[in-house]
Amino acid sequence: MIAREPTIERLAIAQRLLLTPFGLDESHLARALNEIKAHQVDEADLYFQYTRSEGWSLEEGIVKTGSFSIDQGVGVRAVSGEKTAFAYSDDISEVSLLDAARTVRTISSAAQSKRTKVATQKIAKSRSLYTGHDPISTLDSATKVALLGKVEKLARAKDPRVAQVMAGLASEYDVVMVARADGTLAADVRPLVRLSVTVIAEQKGRREIGSAGGGGRFGLAYFDDAQIEKYVDEAVHAALTNLDARPAPAGEMTVVLGPGWPGILLHEAIGHGLEGDFNRKGSSAFSGRIGQRVAAKGVTVLDDGTLADRRGSLNVDDEGNTSQRTVLIEDGILKGYIQDAMNARLTGVAPTGNGRRESYAHVPMPRMTNTFMLGGDKDPKEIVASIKKGLYATNFGGGQVDITSGKFVFSASEAYWVENGKILYPVKGATIVGSGPECLKRVSMIGNDMALDSGVGTCGKEGQSVPVGVGQPTLRIDGLTVGGTA
């Protein structure tokens, strides 16, 4: 059997699910785009999407909920200058498509004397970063329920102080097709799975929580016995550690961040400030600073949507552009921003494959994919041992950032107090406060243990959520403000 080229195969799947059942073909897409181009616009595109999702959750020893849904529709967009007109429908039909096209073309009042033809078709570049199989079908329902039961049994067997176990298993099969007025035709078939484990431990009336989990763009077979036990161990360890936690000291101090998921601080405090829309409008703390030093030497930050099987990776973005490995900061020097098509056009640069949207009902905007800092040359143990008095934070919960000022606040869900290079005890209630640009300049040691997170990140921006990845090595940052409870 001869396999088809990946891009052609994805287009065939998209056409089978999104066009053929509704009596549509590429000639209908061209007609809709020509309707938009009857008025002068800079960009126009059609975004078709079919999403099948399934979820199971366990609590109090039983699987309490199971859900299954199918959503499909089309979004139609026209862009003129900085203005965007957008319409969407969950009715995929020729009538709805043309209605939406006629609606969005009114963004420009300058009608042309005759319609311009859509450019010669260009198929998106070939790329295959993950399998196109439907992950929902990779395990049957009974096996999924048994998997969650295994999580419960393992967690309770770890320690008698485990009082409650919650677990969730989610799968998604997402098929998208993009047709643009410049002739680009692209499709992607995106699997996504996630297993989450939450444990509540109780001791002498005190209850504490610990969480773990992971996933990516692959099938449910990834969650084998070894992977399940790893997540359970991490969740139980976090909950039991917090049972012994003392109130966190407050003040300005040295903070060491662990590898992997603590990169969420980098994502929020720095990553959003490097998105093209904020910088085009001049509202980011990093606006107009290309070529300037914005971080300590040794700090290199990338956004990379090309990593195989990663949660934030994309074969093509939601505008049909191939995802890329983009250097944002190199050895402390700001090199560039992440761009969607509109912001790239308005600032005279090339798109970076970061045009993303939550669904067909949303407009695309520049968004991160997998954002991380490269490793350095220091042994992580040496970095922790260098702390005279300070905080070692290995896991984070929620946080927020002000893009304009770059100021952030983050809560550490697992952290330790360190004196004279020795980890003394876990602490609770620590919040880290600072400024993204200033934080980068205060990085004094970079570990050789760069790690990506386990595959749990979801990023919110302007009401839209998309899956992302984060990562970093162990980092020492001097002079951060810690808000504590002591």
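So here's what we get for this one:
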read-out: Close pairs from the range 15-40: first over 15 Å from Val95 (Cα atoms) and basic (Lys, Arg), partner open to solvent by 40 Å² or more (accessible area, probe 1.4 Å) and outside any helix (DSSP H, G or I), Cβ under 6 Å, at least 6 apart; value: Lys37/Thr116
read-out: Gly149 open to solvent by less than 40 Å² (accessible area, probe 1.4 Å), in contact with a His (Cβ under 8 Å, 6 or more places away or on another chain) and farther than 28 Å from Gly353 by Cβ; value: no
read-out: Of the criteria (1) of a type outside the set (A, V, I, L, M, F, W, C); (2) open to solvent by 20 Å² or more (accessible area, probe 1.4 Å); (3) touching a residue at least 60 places away in the same chain (Cβ under 8 Å), which one Arg206 fails; value: (3)
read-out: The range 152-176: number of residues that are over 20 Å from Phe218 (Cα atoms) and either surrounded by 18 or more Cβ atoms within 10 Å (Cβ to Cβ) or free of Cβ contacts under 8 Å to residues at least 24 places away in the same chain (or both); value: 13
read-out: Residue within the range 332-351 that is under 27 Å from Ala179 (Cβ atoms), open to solvent by less than 40 Å² (accessible area, probe 1.4 Å) and polar (S, T, N, Q) present; value: yes
read-out: Test: Arg311 is in contact (Cβ under 8 Å) with a residue 24 or more places away in the chain, basic (Lys, Arg) and open to solvent by 10 Å² or more (accessible area, probe 1.4 Å); value: yes
read-out: Single residue of the range 403-446 satisfying the filter (surrounded by fewer than 19 Cβ atoms within 10 Å (Cβ to Cβ) and more than 30 Å from Gly282 (Cα to Cα)) that is farthest from the chain's Cα centre (by Cα); value: Asn420
read-out: Failed criterion for Ala110 (all others in (1) of a type outside the set (Ser, Thr, Tyr); (2) over 28 Å from Asn321 (Cα atoms); (3) touching a helix residue (DSSP H, G or I) at 6+ places or on another chain (Cβ under 6 Å); (4) modelled with pLDDT under 95 hold); value: (3)
read-out: From the options Ile290, Ile228, residue that is among the aliphatic types (A, V, I, L, M), at pLDDT 95 or above and open to solvent by 50 Å² or more (accessible area, probe 1.4 Å); value: Ile290
read-out: Number of positions in the range 213-248 that are aliphatic (A, V, I, L, M) and under 20 Å from Gly312 (Cα atoms); value: 2
read-out: Residue match in the range 371-381 (condition: under 16 Å from the mean Cα position of the chain (by Cα), modelled with pLDDT under 95, closer than 28 Å to Val427 by Cα and buried (at least 17 other Cβ atoms within 10 Å of the Cβ)); value: no
read-out: Residue within the range 269-292 that is touching a Cys at 6+ places or on another chain (Cβ under 8 Å) and touching a residue at least 60 places away in the same chain (Cβ under 8 Å) present; value: yes
read-out: Condition met for Met365 (open to solvent by 20 Å² or more (accessible area, probe 1.4 Å) and within 30 Å of Asp90 (Cβ to Cβ)); value: no
read-out: Residue list for the range 379-397, filter: farther than 28 Å from Cys459 by Cα and among the aromatic types (Phe, Trp, Tyr); value: none
read-out: Residue within the range 386-404 that is assigned to a loop (DSSP other than H, G, I, E, B), closer than 30 Å to Ala44 by Cβ and of a type in the set (Lys, Arg) present; value: no
read-out: Residue list for the range 38-68, restricted to those being more than 20 Å from Lys150 (Cα to Cα) and surrounded by 20 or more Cβ atoms within 10 Å (Cβ to Cβ); value: His39, Val41, Ala44, Asp45, Leu46, Tyr47, Phe48, Gln49, Tyr50
read-out: Residue within the range 376-389 that is under 16 Å from Arg180 (Cβ atoms) and of a type in the set (Gly, Ala, Ser) present; value: no
read-out: Residues that are hydrophobic (A, V, I, L, M, F, W, C) and open to solvent by 10 Å² or more (accessible area, probe 1.4 Å), drawn from the range 447-479; value: Met450, Ala451, Leu452, Val456
read-out: Failed criterion for Ile70 (all others in (1) farther than 20 Å from Asp317 by Cβ; (2) aliphatic (A, V, I, L, M); (3) touching a helix residue (DSSP H, G or I) at 6+ places or on another chain (Cβ under 9 Å); (4) modelled with pLDDT of 95 or more hold); value: (3)
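Yes/no per residue for (1) over 23 Å from the mean Cα position of the chain (by Cα); (2) aromatic (Phe, Trp, Tyr); (3) more than 22 Å from Val104 (Cα to Cα):
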{"site": "Ala32", "(1), (2), (3)": "yes, no, no"}
{"site": "Glu35", "(1), (2), (3)": "yes, no, no"}
{"site": "Ala38", "(1), (2), (3)": "yes, no, no"}
{"site": "Glu43", "(1), (2), (3)": "yes, no, no"}
{"site": "Tyr47", "(1), (2), (3)": "no, yes, no"}
{"site": "Ser53", "(1), (2), (3)": "no, no, yes"}
{"site": "Glu60", "(1), (2), (3)": "yes, no, yes"}
{"site": "Thr65", "(1), (2), (3)": "yes, no, yes"}
{"site": "Gln72", "(1), (2), (3)": "no, no, no"}
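The values are calculated or read from the model by the stated rules, or taken from the named source; none is laboratory data. In this text, all values refer to a predicted model and were calculated from it rather than measured experimentally. Because the Cβ atoms are built from the backbone with ideal geometry, glycine has one as well, and the counts that use them run over all protein chains shown. The accessibility values were calculated without ligands, DNA or RNA, using every heavy atom of the protein model including side chains. Shrake-Rupley method; radii C 1.70, N 1.55, O 1.52, S 1.80 Å.
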